[in-house]
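Step one of this worksheet: look at the structure below.
The values are calculated or read from the model by the stated rules, or taken from the named source; none is laboratory data. If you're wondering where the values come from, they're calculated on a predicted model, not measured in any experiment. Virtual Cβ from ideal backbone geometry, glycine too; neighbours counted across all protein chains shown.
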Amino acid sequence: MRGARPEIDPARRPLAILAGGGAFPLLVAEAAVRAGRPVAIFAIRGEADPAIEAHRHRWIGRGQLGTLLSGMRRIGARELVIIGGIRARRLPRLSELDFTGIWVVLRNLRILRQGDDGLLRKIAKLIEARGVTIVGAAEVAPELLMPAGPLGRLVPNARDQIDIAAGLPEARRHGAADLGQAVIVVDGVVVAHEGPQGTDAMISAFEAGRGRLEAPSGVLVKCAKPTQDRRLDMPAIGPDTVLQAARAGLAGIAVEQGAALVADRAAVAGVADTRGIFVVGIGDGDPTLAADGEGAP
């Protein structure tokens, strides 16, 4: 008598990764492989790093939802990580959509009026309704989470602590309105808010407006939006963020511990030490999480 087909161990099924830009898709893929999990990367054309081609992969357009889902079915993948940045924050052109993508857009036009967080949550529900489980990057690669305390040898001084204390609640208020994840604070005053263009654009605009300084001052404070689904979008920093903050004359970066991703902690710490700024994981109990070390100049 022919028995039922045995269920495949979920831990051995391929993990699908929908990859935007930046280092994180590759870092998540490498973490999965180290844990013995095969991966298949669906790379968004024009966004994902070509380095993902070291793994099993397929290039897809921004609106090709049907291509993604059929590709996952073909390889037996039921779990999906959505990770990586999208530089051009625009809706897909009609020519970029496949049949399923067109159907989803037409049926759900009302979701397009939502902010990034609301839009991502709605898209996740549409994907999960088709039998896919969305998995957070931090579940696959917990080593990417921002730890408590400083990543380098420098820590915030008293002036920086005032900026962090002012910035954390303001960043959360800004995030609660689904407007952005970060602010810049100088001398206890919030002087910049992240907009749709992201953190890099905010820092660039701040740098252009402040002019040359005798000494670094001000802190970039970044935290998760209070209502956002952390499986879909978490605050993130990397060595480039630290370089840009240093060029803008900031004294340091404060990031919510356990709720943000860090691309290469060692590299972030090295750049921070070389450029003379601090990078610190913060929380509610003590926003500066004071630790032994040198104060930033």
I'd like the full set of residues that are of a type in the set (Lys, Arg) and in contact (Cβ under 8 Å) with a residue 60 or more places away in the chain, limited to segment 204-244. LYS225, ARG230, ARG231
Filtered residue count, segment 129-186, keeping only those that are over 18 Å from the mean Cα position of the chain (by Cα), buried (at least 16 other Cβ atoms within 10 Å of the Cβ) and among the polar types (S, T, N, Q): 2
Criterion violated by ARG89 - all others in (1) modelled with pLDDT of 90 or more; (2) under 19 Å from the mean Cα position of the chain (by Cα); (3) among the charged types (D, E, K, R) satisfied: (1)
Within segment 215-233, is even one residue more than 17 Å from the chain's Cα centre (by Cα), surrounded by 20 or more Cβ atoms within 10 Å (Cβ to Cβ), modelled with pLDDT of 95 or more and more than 20 Å from ILE82 (Cβ to Cβ)? yes
So which residues in segment 55-74 are within 23 Å of LEU27 (Cα to Cα), outside any strand (DSSP E or B) and touching a strand residue (DSSP E or B) at 6+ places or on another chain (Cβ under 7 Å)? HIS55, ARG56, ARG62, LEU68, GLY71, MET72
Test ALA192 against the stated conditions and say whether it is in contact with a helix residue (DSSP H, G or I) (Cβ under 9 Å, 6 or more places away or on another chain), farther than 20 Å from THR241 by Cα, crowded, with 17+ Cβ neighbours inside 10 Å and not acidic (Asp, Glu). no
State all residues of segment 262-283 that are within 13 Å of PRO150 (Cα to Cα) and without any contact (Cβ under 8 Å) to a residue 12 or more places away in the chain; if no residue qualifies, say none. ALA266
For GLY175, state whether it is in the same structural domain as ALA245 (by TED's automatic domain parsing), in contact with a Lys or Arg (Cβ under 9 Å, 6 or more places away or on another chain) and assigned to a loop (DSSP other than H, G, I, E, B). no
Report yes if ASP187 is at pLDDT 90 or above, over 26 Å from LEU27 (Cβ atoms) and outside the structural domain of ALA23 (by TED's automatic domain parsing), otherwise no. yes
So, in segment 62-87, of the ones that are farther than 17 Å from ILE134 by Cβ and free of Cβ contacts under 8 Å to residues at least 40 places away in the same chain, which residue ends up surrounded by the fewest Cβ atoms within 10 Å (Cβ to Cβ)? ARG74
Restricting segment 185-197 to residues that are touching an Asp or Glu at 6+ places or on another chain (Cβ under 9 Å) and in a strand (DSSP E or B), which is nearest to ARG121 (Cα to Cα)? HIS193
